[in-house]
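The values are calculated or read from the model by the stated rules, or taken from the named source; none is laboratory data. These numbers come from a predicted model, not from an experiment. Note that each Cβ is placed from the backbone with ideal geometry, even for glycine, and that neighbours are counted across all protein chains shown.
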Amino acid sequence: MINKEKIFPIGIGTWKINYENIENDLDVEKGISESNLKELCDYFREIQSKYDLKYYNTHIFVTGIFRNLMQERKQDLVKLFNDKFDLNFNIISHGIENYYLAKAMENDYNNKKVLIINMGGKTTELVTFVGTKITDTKNLTIGVADLLNNFEKVNEKYSGNTIEEMENFVAERLSDIELDKDYDCAIFTGGEERFELLTGFNLVDNTLFNDNIHKYMLSLEDYIKGTEKVFNDISLEELYSLMPSNPKWMDGARSGAIIPLVLFKMANVKWIIPSDLNLINGVINDLK
């Protein structure tokens, strides 16, 4: 049995870096900047001590923009982690990430057609389930960092950028993507249930399926209202205070609502299921 605390997915937002400088600080040919590399190493030094991480009991899954590094730079990171921490820095493909997302979300969805949305810093994965079977997957080259890099006022006290202008930006980026229009619901993963509970979205009991995990759902209308509240009525400091153990997670909260919102509308989704499942759950399910 593997200890869940010793499986670590590493993407752009895993440790507390400056989102706005991501594209400048991670160069495909040169690799990660010295400042961000130091922060990443400090992060692992801290958790290695806290959780007693060893090569034989720790699985690291590296995703997102790290996949775009040239092979030599990937090898540099693998060697650095082996030398500094005696840990394997495992950069996984989009296909493998999709596999683990699907394993995390495997379920009997009561014969419903379900769109799974897993958004990261620079990429977003879509998986379609019909009942218990996967019928489609899509990999999108857009994530929360793209919005943070293009809308510098979103993390003012109250957002200085509007939901509409950010939606238009995402819709343009996704203009060549086609989605079915007959989904029964969408599941938005990666800490979304916790976030929506903390910020007071209008969640109701999930009556679409019963998996003993996803207790809540909300209408598209209420998702939009909740997003408007996060943009316009809850200050950034208030958002930080809602998550004292990791306040900087909230730096992506406003921007992180927009890509799924556009996808919900593209797929004509009426009901949204917020989920806290992620790649870690898929790895655990795969190892059972």
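The number of residues in the range 215-235 being assigned to a helix (DSSP H, G or I) and farther than 14 Å from PHE264 by Cβ comes to 5.
Assessment of the range 126-136 against the conditions (among the hydrophobic types (A, V, I, L, M, F, W, C), crowded, with 17+ Cβ neighbours inside 10 Å and not assigned by TED's automatic domain parsing to the domain that holds SER255) yields no matching residue. Can ILE177 be described as closer than 30 Å to ILE92 by Cα, surrounded by fewer than 16 Cβ atoms within 10 Å (Cβ to Cβ) and in contact (Cβ under 8 Å) with a residue 12 or more places away in the chain? Here the answer is yes, as ILE177 does meet what is asked.
Before we move on, is ASN155 farther than 26 Å from TYR109 by Cβ, modelled with pLDDT of 95 or more, in the same structural domain as PRO260 (by TED's automatic domain parsing) and within 21 Å of the chain's Cα centre (by Cα)? Yes; evaluated as a whole, the condition is true for this residue.
When the criteria are applied in full, SER245 fails the requirement of being surrounded by fewer than 16 Cβ atoms within 10 Å (Cβ to Cβ) and over 19 Å from the mean Cα position of the chain (by Cα).
In the range 99-154, counting only strands (runs of 3 or more DSSP E) that sit wholly within it, the ones holding 2 or more residues that are hydroxyl-bearing (Ser, Thr, Tyr) and more than 23 Å from ASP251 (Cα to Cα) span 133-140. Only one of the numbered conditions (1) buried (at least 20 other Cβ atoms within 10 Å of the Cβ); (2) in contact with a helix residue (DSSP H, G or I) (Cβ under 7 Å, 6 or more places away or on another chain); (3) in contact (Cβ under 8 Å) with a residue 40 or more places away in the chain is violated by GLU228, and that is (1). Could you tell me whether GLU34 is exposed (fewer than 12 other Cβ atoms within 10 Å of the Cβ), over 16 Å from ASP86 (Cβ atoms) and not assigned by TED's automatic domain parsing to the domain that holds THR124? Against the criterion (exposed (fewer than 12 other Cβ atoms within 10 Å of the Cβ), over 16 Å from ASP86 (Cβ atoms) and not assigned by TED's automatic domain parsing to the domain that holds THR124), GLU34 qualifies.
Looking at ASN281, ASN212, which one is modelled with pLDDT under 95, over 26 Å from GLY160 (Cα atoms) and not in a loop (DSSP other than H, G, I, E, B)? The unique qualifying residue is ASN281.
Residues that are acidic (Asp, Glu) and in contact (Cβ under 8 Å) with a residue 24 or more places away in the chain within the range 71-90 comprise ASP76, ASP86, listed in sequence order.
Whether any residue in the range 164-185 is in the same structural domain as ILE213 (by TED's automatic domain parsing), of a type in the set (D, E, K, R), in contact with a Lys or Arg (Cβ under 7 Å, 6 or more places away or on another chain) and assigned to a loop (DSSP other than H, G, I, E, B) is what I want to check. The answer is yes; a qualifying residue exists. In the range 72-101, the qualifying residues are those that are over 24 Å from LYS54 (Cα atoms) and not charged (D, E, K, R), and the one that is surrounded by the most Cβ atoms within 10 Å (Cβ to Cβ) is LEU101.
Taking the range 186-209 as the range and being at positive phi and either part of a strand (DSSP E or B) or over 18 Å from the mean Cα position of the chain (by Cα) (or both) as the test, only GLY200 passes.
Restricting attention to the range 236-268 and to residues that are free of Cβ contacts under 8 Å to residues at least 24 places away in the same chain and part of a helix (DSSP H, G or I), the residue that is nearest to ILE117 (Cα to Cα) turns out to be MET250. Selection of the range 199-216 for residues being surrounded by 15 or more Cβ atoms within 10 Å (Cβ to Cβ), among the hydrophobic types (A, V, I, L, M, F, W, C) and closer than 26 Å to PHE231 by Cβ yields PHE201, LEU203.
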